[in-house]
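Below is one structure; the comments refer to it alone.
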Amino acid sequence: MDHIARHARPAHLVEASLEDIMGRYVKRFSDTLADWNAFSDASIEGYHRAQHRFVGAGASGKHDDAGVIPAGAFTLSIMNVPPGQGNAPHTHEVEEVFFVLQGECVVFIEDEAGRRLSQTLKPWEMISCPPGVIHGYVNESDAPCFLQVMLGKGRPETAGFADSALFEQRDAHLA
């Protein structure tokens, strides 16, 4: 039986063994650290959340995290969102997906006039937020929520907060 790779490996993996690939491209939740300072708004009441990075840094800007799987065309992380917490309304230059794994979360989109539409998502439900659309989430339940978050670029910019004061400080957590 023929076993032919029909697509070329990236240059950095041409000589890599299967053991090397498996060792570098498998990440377990138990091996991740909860980063409660992943975003500049995370220290503000109402926006506390922890990022568990798997593929790339997401919009945290922490692109030098050697413990993550290298990002190519997207990032993937898990957000631990305690009750009453969420994130500040923001945009990205690429699409962002929030996929609920556990608990429930209210996701929203807004326009520049502040008009907001919201929906509650439960496990195995998601929203895909297009580039440039103000969006976010809040956990209005009394139990933690875990979201899988994906961004459509390997090194996205830090979040573009809609609030001007937050936007001016969006990289403060990286100092």
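The values are calculated or read from the model by the stated rules, or taken from the named source; none is laboratory data. Everything numeric in this text was worked out from a predicted model, so none of it was measured. Using ideal geometry, Cβ is built from the backbone for each residue, glycine included, and neighbour counts are taken over all protein chains shown. SASA here: full protein model, heavy atoms, side chains in, ligands and nucleic acids out. Shrake-Rupley method; radii C 1.70, N 1.55, O 1.52, S 1.80 Å.
Pairing residues of the stretch 41-52 that are open to solvent by 10 Å² or more (accessible area, probe 1.4 Å) with residues that are among the charged types (D, E, K, R), at Cβ distances under 7 Å and at least 6 apart in sequence or on separate chains, gives TYR47/ASP41.
THR32 fulfils the conditions (1) more than 22 Å from PRO144 (Cβ to Cβ); (2) of a type in the set (S, T, N, Q); (3) open to solvent by less than 30 Å² (accessible area, probe 1.4 Å) except for a single criterion, (1). Could you tell me whether ALA88 is part of a loop (DSSP other than H, G, I, E, B), over 21 Å from TRP124 (Cα atoms) and open to solvent by 20 Å² or more (accessible area, probe 1.4 Å)? It is false that ALA88 is part of a loop (DSSP other than H, G, I, E, B), over 21 Å from TRP124 (Cα atoms) and open to solvent by 20 Å² or more (accessible area, probe 1.4 Å). Per the listing GLY67, GLY58, the residue uniquely within 20 Å of ARG24 (Cα to Cα), open to solvent by 10 Å² or more (accessible area, probe 1.4 Å) and among the small types (Gly, Ala, Ser) is GLY67.
Residue count for the stretch 17-73, restricted to those that are among the polar types (S, T, N, Q) and either in a helix (DSSP H, G or I) or under 13 Å from the mean Cα position of the chain (by Cα) (or both): 5.
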